[in-house]
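The values are calculated or read from the model by the stated rules, or taken from the named source; none is laboratory data. Everything quoted here is computed from the prediction, not taken from an experiment. So basically every Cβ, Gly included, is an ideal-geometry build from the backbone, and we count neighbours across all protein chains shown. With ligands, DNA and RNA removed, areas are computed over all heavy atoms of the protein, side chains included. Shrake-Rupley method; radii C 1.70, N 1.55, O 1.52, S 1.80 Å.
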Amino acid sequence: MKTLNDGETAAMVAPGPGSRTRPLTKSELRKQDRQRTFERVEKSATLAVMYPRLKTLAVDLLYFDRDIVSWGHGLRYRANLETAKSMLHFNCPSPLCKDGGFDLSKDLSSAVAEHRKSVEGSVRCLGFRDEATGKPSACETVLHFKMKLTFKTKAGPRAA
């Protein structure tokens, strides 16, 4: 265990819980940022609680980096409404991006409010990247998405 020398008494003291011997690396900072975002998402209500009329939700995602499809052919997210959170956030796939990601929560809430069966759009990552010059620049990742929603039908009066 490392100890520090207390200047006045020359006694050896242990470092405090918040002290660090080296600065955080960029990857550690990105990891902390994603952890904070994950915690915010986890605190939100589930989709089943927030949108009780929603039956299914599927989102097709396609990421572009500087107008080039760069991360595969995209992916499909199918939400388990009982466990999925109402804050619909997807991380930026760029390993260089900090404070980024894509929040589709507003698009989802407006689609549910308008009872729409599908929503298409694109969202820019709001994060930034450290360029080779050392100056941060805007992350140029774009997410194209298509949400498909189905709703529960209203139960009509039963015939006897």
Answer residue from segment 107-135, given it is assigned to a strand (DSSP E or B) and without any contact (Cβ under 8 Å) to a residue 24 or more places away in the chain and is least open to solvent (accessible area, probe 1.4 Å) among those: V123
Answer from G121, G134 - the residue that is modelled with pLDDT of 90 or more and more than 20 Å from R53 (Cα to Cα): G121
Among residues of segment 53-75, those that are at pLDDT 65 or above, open to solvent by less than 80 Å² (accessible area, probe 1.4 Å) and not hydrophobic (A, V, I, L, M, F, W, C), counted: 5
Failed criterion for G134 (all others in (1) within 24 Å of S44 (Cβ to Cβ); (2) out of contact with any Asp or Glu (no Cβ under 7 Å at 6 or more places or on another chain) hold): (1)
